[in-house]
Amino acid sequence: MKFILMMNGRTEDWAFFHWTAEERAAHMAHMRRLNAELREAGELVSIEGLASPKQARIVRAGKNHEPIVTDGPFPEAKEFLAGYWIVDVEDAKRAYAIAARASAAPGARGEPLHIPIEVREVMSITT
């Protein structure tokens, strides 16, 4: 079963760039270990980190389907998608266990961040 594990950050809590170099290194080491273990187990399908919400744009189809691009999402948004994993695992219980490990990544002073990770099954469409 495939699941997407979406790491959501709150703008007021996302202080990654304000941490010390050692705190950032510990955080990244935790994530690299998790990703390496998932790769080794054959469970990792894809993983991506996303740019800051300040760089995001909203696109809608205009007349004749040309893209209409506007700023957004807007700063009033309290949460944003920071990145995601797509995993192929036995069941939802395993996806939840992986999400919990990602959630526990260390932050400032080495304390677990308890990052909210949204877990949703990836639905496949057959043609």
Please check: in the Gaussian network model of the chain (C-alpha springs, under 10 Å), which one of E22, E79, E43 has the largest mean-square fluctuation. E22
State log₁₀ I(q)/I(0) for the stretch 12-61 at q = 0.13, 0.16, 0.20 Å⁻¹ as given by the Debye formula over alpha-carbon point scatterers of equal weight, solvent excluded. -0.51, -0.70, -0.88
Just add up the charged neighbours of A95: K/R +1, D/E -1, any other residue whose Cβ is under 14 Å from the Cβ of A95. -1
Suppose each label sits 7 Å from its Cα in the direction of the beta carbon; what would the N8-T20 distance come out to in nanometres? 3.2
What one gets for the stretch 67-127 as the Kirkwood radius, inverse of mean 1/r over different Cα pairs in Å, is 14.6
Comparing P53, P106, P67 in a Gaussian network model of the chain (Cα, 10 Å), the one with the largest mean-square fluctuation is P67
Could you sort the peptides 26-32, 88-94 by per-residue average Cβ neighbour count (10 Å cutoff), highest mean leading? 26-32, 88-94
R0 of 35 Å, Cβ-Cβ distance R109-L50: FRET efficiency to nearest 0.05: 0.85
Restricting to Cα atoms and excluding each atom paired with itself, what does the Kirkwood estimate give for the chain in Å? 16.3
Got a sec to turn the phi values of the stretch 88-100 into Karplus ³J(HN,Hα) couplings, 6.51 cos²θ - 1.76 cosθ + 1.60 with θ = phi - 60°, whole Hz, x for Gly and Pro? 10, 10, 4, 7, 4, 4, 5, 4, 5, 5, 5, 4, 5
Given a Förster distance of 22 Å, the FRET efficiency implied by the Cβ-Cβ spacing of E79 and R57, rounded to the nearest 0.05, works out to 0.75
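Every read-out reported here was derived from the displayed coordinates using simple, explicitly stated rules and does not represent laboratory data. What you are looking at is a predicted structure, and each value in this text was computed from that prediction instead of being measured. When we count neighbours, we look across all protein chains shown, and the Cβ atoms used for this are built from the backbone with ideal geometry, even at glycine.
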